[in-house]
Amino acid sequence: MSEVLEVKLHDDAKAPQGQVSIRDLIGRMTLEEKIGQLQQLDASAPDLEETIRTGRVGSVINQADPGKVRELQRIAVEESRLGIPLLIGRDVIHGFHTIMPIPLGQAASWNPVLVEECARVAAEEAAQHGVNWTFAPMIDISRDARWGRIAESFGEDPVLTSVLGAAMIKGLQGERLDGAFSIAACAKHFAGYGTSEAGRDYDTTNIPENELRNIYLPPFKAALDAGVATFMSSFGDLDGVPASANEFLMRDILRDEWGFEGFVVSDWDSIRQLKTHGIAEDYREAAQLAAMAGIDMEMAGDAYAENLGSLVESGVIDLSAVDSMVENILQIKLSLGLFESVDRAEKATNVTSHADKMKLAKEAALESVVLLQNRANAQNRANAQNRANALPLSRDALKSLAVIGPMADQPYEQLGTWIFDGDEARSVTPLNAIKDYVGDDIEVRFAPAMQSTRSKTEDGFAAALDAASSCDAIIAFLGEESILSGEAHSRADINLPGNQAALIRELKKAGKPLIVVVLAGRPLTIGDILEEADAVLFAWHPGVMAGPAISDLLFGVVSPSGRLPVSFPKVVGQIPIYYNHKNTGRPACRDTVVHIDDIAVGARQTSFGMTAFHLDAGFEPQFPFGYGLSYSEFAYENLQISRDALPVGGVLDVRVTVSNNGTCTAYETVQLYVRDLVGSVTRPVKELKDFRKVHLQAGESKDIVFQLHTDQLAFFGRSKAFRVEPGTFHLWVGPNSRDGLQTEFRVI
Ligand code: GLC
């Protein structure tokens, strides 16, 4: 164990022990040293060590080699004049070495405890490498599967995203920021980035204030309430003012309304990009706009380093503003305990074992997978010989199994996007896990069929069909490689890439039970394989334990329990499509839409004429938000509410009985939605307000009780304030956003 690097601040500055000491330290700093604290440099920056030595760096990003991190810290605390330690930033989005499911997959678990535990392991591994700050959770609401970064999000709903974002922050920051394995979290990207036009990354975002406040801001407020240490400004141009220059966001809302006390970092070079946006004449004006807006630290750009000094000396920016920016940053360094020691992790005692990390990774993968379809295969359906659904597979009944497809044996691709430090060697693929599970009992025949998911040739199809025809059942692993989602990786067409749909049609010819497992970073339009597939498991990018988790689900060791955190469109032209939409003046509903030959050709004449839907796609998604099947069957009964009239400030007790009427133990995620029938602004037709994930044995029933406070019904309306408006509300409790028991109450 190397000796712990104690921070010995030089004579020029006392070791800060609190607010007063920070101010004392600031009083000793030159203007150049103050501006230095506002700068985050990439590890590849030229003359990095000398720049640190001269006190002109506050943070380094993208150095995760523990030895190199330690040397940079040593230079900062031992060789710079004031010895101020560095923030070491790294994107630890869904794991460090042990990669967990992508955040969109973790969201499908609807399990905040699991999300927190995954973040805790990630923070531990990162802290052991000297990382003390990460740029997560990404809590941008996203309703557009074309956007590559939907993979990093928790999906389309403000409540689910708020709960899971807070859980991730708790996991990353621990009980105390100065904990041995605590790292500062970062709520990003503030705000509205997920509405980038057409799902094109970095594109324009225009969001009316009541939509911004009711949909896109709540997860950030929840992050602040959870104690998040930092915020990151978005690349986006919000209503004509890019976030990195947006005083409304960064000062009016974040500081003045919400009272945020941490610091704000720009996104990568997004301050200089203000010039590219065309809102700043040059980098000097960009620096001025960003500083005035309240961006404390500049990530990977030199607008501040090159211009803040002259802006202060010329009186354009007041020195007190710079002092405040420095104070925000030093306060987080103090809270992290960095002035005491930069080697906090070395003091840790309770290190999580590798086995426990892999066990958690498997549990996270298990709970993230969503069963979208499951039926008896056509032949069995026809002859009623065996009406059993295609899943779970019976280990005893099978003698051979065909494992087909380009995603069956891809240890790197199954990890997904944003895995800088992911350890592919830890990755267990579905092919290997299935072989391990069945051993010699079942012959496994593997055929990749395609070089990659994007292949457009059919060269490998014959071998795949040959394998499929000779086996009792077929499992096809399809989807997207990790590179097809993530930052700057949006798709205009979200069908299965390449010839994958053709492969499924080819495999269908074998006439065997056909199970499709999709590994992807976004919802895909998979309608064209639903007819051929008997069962469909959607696994997102499940991380290192994808294989063992998927194998256990396929063979029924565990029942699938994932529920969709985002609506699945039938076709890309339906986007944006989301469950908490407005009613419109001519709403479509199932019995108003007239179909001829499965094409909606119009609407039955109704009292208000035509209705809102696409002739060639209808108005419903392929699968709704909150949807997911199980190997068991759950019944909802006896929905009761404690009162019909609820005074503002009151609490409504909501009770329902959920029964597992199936044959296997399984999780069920009980979801509570409301609809505010009339408001000062139009209100969504449904809004998730609470959920409870329950584990029920076969035959077990449980009374689930929710407490709905009127505060949860508040919204930003025409009064320009958050308040609950008296009136009638519908309330549902059910398995997803489409189905459930309904009742009604009034707020008085
Ligand atoms: C990127 C991303 C941001 C990330 C940062 C550092 O451009 O937008 O989410 O944390 O740069 O890698």
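Every number in this text was worked out from the coordinates using simple rules, so none of it is lab data. What you see is a predicted model; the values in this text were computed from it and never measured. Cβ sites come from the backbone with ideal geometry, for glycine too, and all protein chains shown count toward neighbours.
For the chain, the fraction of C-alpha pairs more than 47 angstrom apart is 22%.
When the inverse distances between all different Cα atoms of region 227-382 are averaged and flipped, the Kirkwood radius reads 19.0 angstrom.
With contacts taken as Cα pairs under 8 Å and at least 6 residues apart, region 93-229 reaches a relative contact order of 29 percent.
Normalised by residue count, region 186-253 yields a Cα convex hull volume of 80 Å³ per residue. An ellipsoid equivalent to region 634-747, defined through the eigenvalues of its Cα gyration tensor, has semi-axes of 30, 13, 11 Å when rounded to whole angstrom and sorted largest first. Within a straight-line Cα-Cα reach of under 17 Å, Lys686 can be paired with the following lysines, leaving aside sequence neighbours fewer than 8 residues apart in one chain: Lys582. Value of Rg to Rh for region 104-161, rounded to two decimals, is 1.02; Kirkwood radius and Rg both from alpha-carbon coordinates. Taking every DSSP bridge with both residues inside the chain, close to 55 percent are antiparallel.
With the biggest extent put first, the Cα atoms of region 227-316 measure 33, 28, 22 Å across the principal axes. For region 37-196, the percent of C-alpha pairs falling in each 10 Å distance bin, counted from 0 to the bin holding the largest distance, reads 12, 37, 30, 17, 5.
With 10 Å bins beginning at zero, the pair-distance distribution over Cα atoms of region 360-554 amounts to 10, 39, 38, 12, 1, 0 %. Size descriptors for region 68-139, from the alpha-carbon set: Rg then Dmax equal 15.2, 50 Å. Per-residue extension of 0.36 nm, minus the Cα-Cα distance of Arg395 and Asp653, leaves a gain of 88.4 nm for this segment. Each of His730, His695 was scored by other Cβ atoms within 10 Å of its Cβ. Listed from fewest to most, they are His695, His730.
Debye-formula intensities of region 456-519, expressed as log10 I(q)/I(0) at q = 0.13, 0.19, 0.28, 0.29 Å⁻¹, are -0.41, -0.75, -1.25, -1.30 (one equal scatterer per alpha-carbon, no solvent). When each of the peptides 718-729, 168-179 is scored by how many other beta carbons lie within 10 Å of its residues on average, the order from highest to lowest is 168-179, 718-729. Across region 316-440, the volume of the C-alpha convex hull divided among the residues equals 234 Å³ per residue.
Do any of Lys221/Lys570; Lys689/Lys720; Lys435/Lys456; Lys357/Lys435; Lys68/Lys333; Lys68/Lys347 go past 25 Å between their Cα atoms, and which? Beyond 25 Å: Lys221/Lys570; Lys435/Lys456.
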